[in-house]
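Following: one structure in structure tokens, then a few remarks.
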Amino acid sequence: MTDKHYTLVDICWTLFYSNTTFDFLDFAVKDAGYRRLRRFGSTWFGKRLNLLLYKLFHYDWLRARCVHYLTGYTQQQLYDLAEQFYRSYLLPRQIPEIWNRMPESGIVLVSGTLDIIARTVAHQIGAEAYYATEMIYKDNVFTGKIRDLLLTKSSELPQYGDYDIITDNLTDIDLVRKARQATIILYNNRPRWDALLSTYANITYIEAARQRY
């Protein structure tokens, strides 16, 4: 894969003002238990608990539990819902400063979002490949289990040679350090990027017009 130039592109908060996994779940899941879980996750205690589990075990408990509410959906049903979500929710939340910088070819999406969302975005923008959190199926029915890509992006990717990268995600730091050119969208966190990339010169910083929620 080294004879062609590629650009690795994140999805959440990079292409769209959206945490696409949770926004998709809010869009697709109508179960009352899910709504209660989401409310718990937004409380001080819920956030602290999830952060503690994430730091100790590299496990996003809230995300895994919320995704489990998609259990029983067929793969085609999820593909259809992802298409509807893209058209009605994501498109109005495009980040124009990033879309205007996107190359015409060689795009590879690299995101911790669900693979059904990455697949849809890849199809819509003509990306050559995508890498995302894998949803596990049995007989084309979602089992509720996922293989998360949030913390393993760098080790999971094949070699893309002398690539560029577009991201907002501090966990992509290893990929950024190896990139030829990096475009970073900032959410009031420039000092953190500067501390991690003090000797790295090939960066374009773009301050986000909105803040994360």
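The values are calculated or read from the model by the stated rules, or taken from the named source; none is laboratory data. None of the values given here were measured: they were computed from a predicted structure. Here Cβ is always computed from backbone atoms with ideal geometry, including for glycine, and neighbour counts include all displayed protein chains. All accessible areas refer to the heavy atoms of the entire protein, side chains included, with ligands and DNA or RNA removed. Shrake-Rupley method; radii C 1.70, N 1.55, O 1.52, S 1.80 Å.
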Filter result for the condition that a residue is part of a helix (DSSP H, G or I) and open to solvent by less than 80 Å² (accessible area, probe 1.4 Å), over L52, L56, L81: L81
Residue list for the stretch 82-97, filter: within 17 Å of the chain's Cα centre (by Cα) and either acidic (D, E) or modelled with pLDDT under 95 (or both): E83
Single residue of the stretch 108-119 satisfying the filter (open to solvent by less than 10 Å² (accessible area, probe 1.4 Å) and either under 16 Å from Q181 (Cβ atoms) or without any contact (Cβ under 8 Å) to a residue 24 or more places away in the chain (or both)) that is farthest from the chain's Cα centre (by Cα): V108
Answer residue from the stretch 34-57, given it is more than 16 Å from G144 (Cα to Cα) and touching a Phe, Trp or Tyr at 6+ places or on another chain (Cβ under 7 Å) and is modelled with the highest pLDDT among those: G46
Output for the stretch 161-180, where each listed residue is over 23 Å from F16 (Cβ atoms) and either at pLDDT 95 or above or open to solvent by less than 60 Å² (accessible area, probe 1.4 Å) (or both): G161
Residue selected from the stretch 131-160 under the condition surrounded by 14 or more Cβ atoms within 10 Å (Cβ to Cβ) and within 16 Å of G106 (Cα to Cα), by the criterion modelled with the lowest pLDDT: L157
Those residues of the stretch 1-16 which are open to solvent by less than 60 Å² (accessible area, probe 1.4 Å) and of a type in the set (A, V, I, L, M, F, W, C), in sequence order: L8, V9, I11, C12, W13, L15, F16
Counted residues, the stretch 193-208 - those being loosely packed, with under 14 Cβ neighbours inside 10 Å and under 24 Å from S42 (Cβ atoms): 0
Any hit, the stretch 17-37, residues being in a loop (DSSP other than H, G, I, E, B), open to solvent by less than 30 Å² (accessible area, probe 1.4 Å) and of a type outside the set (A, V, I, L, M, F, W, C): yes
Selected residue [within 17 Å of R147 (Cβ to Cβ) and among the acidic types (D, E)] from D23, D31, D60: D60
